[in-house]
1. Run the numbers for Gln69 and Trp94: contour at 0.36 nm per residue of separation, minus the present Cα-Cα distance, in nm.
2. Once label points are set 7 Å from the Cα along Cα→Cβ at both Glu29 and Ala79, what is their separation, rounded to one decimal in nm?
3. Of the listed peptides 78-84, 107-113, 33-39, what is their order by residue-averaged count of other C-beta atoms within 10 Å, with the highest listed first?
4. Can you work out the Karplus-derived ³J(HN,Hα) for every residue in segment 27-33? Use 6.51 cos²θ - 1.76 cosθ + 1.60 with θ = phi - 60°, whole Hz, and x for glycine or proline.
Amino acid sequence: MLQIDRILAPTDFSSHSEGSVRFACELAERLGAELHLIHVLSDVVVPAGPDPMLISSMPPEYYREIEDQSRQTLDSLCAPDWPRPAQIVTEVRWGDPVDEINAYATEKGIDMIVVATHGRTGLAHVLLGSVAERIVREAPCPVLTIRDKKPS
C-alpha cells in the first residue's frame, strides 16, 4: 500500500498555485503527512550593452532580498482558515524550477508532489511549455496535478 508521509507543493506564488497549495494543505492534514513548500527563483541577467555576450548580473543585495521575501511569503502561505498539517517545511532554491523541485523531492524522500497546472492547450502550451508537465515526466514520485478553474 502507498504510504504518503511527505507531500511537496511547489509554488510560484501565482493565483494558479494557490489552489494546489491549499489542496496540499488539506491532503497533508488528512493523511497526517509533513507538507513541504518550495519556491524556486531564477537568476536575473540583464544585457549590459549591444553585445549579447556582455551580461550583467544583479547586485548581491538583490538576491538576498528576493530570497528573504520568498521565505517570508512561504512562511505565511497557508492561510489561517485553511486545513493545517502538523508540520510544514519551507525551502527556497535558485535554478531551473523542474530540476530543483525534482532534486528536492529526491533528497527529502517526498512521497507525492501536488502541483498546479494552468491547463493551457494548443499554441499557448507549445510556446510557454509546461513546468507541471515536465515535473510529471521527470519526478521521482507520484504527481497530482490540480487545474485552476479560474480563467487565465
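Read the figures in this text as sums done on the coordinates, not as results from a lab. Bear in mind that the values here come from a model prediction, so they are computed numbers and not experimental data. Here the Cβ is made from the backbone with ideal geometry for all residues, glycine too, and neighbour counts use every protein chain on show.
1. Working it through step by step, the gained length comes to 7.6 nm.
2. 1.2
3. Listed from highest to lowest mean packing, they are 33-39, 107-113, 78-84.
4. 4, 5, 5, 5, 8, x, 9
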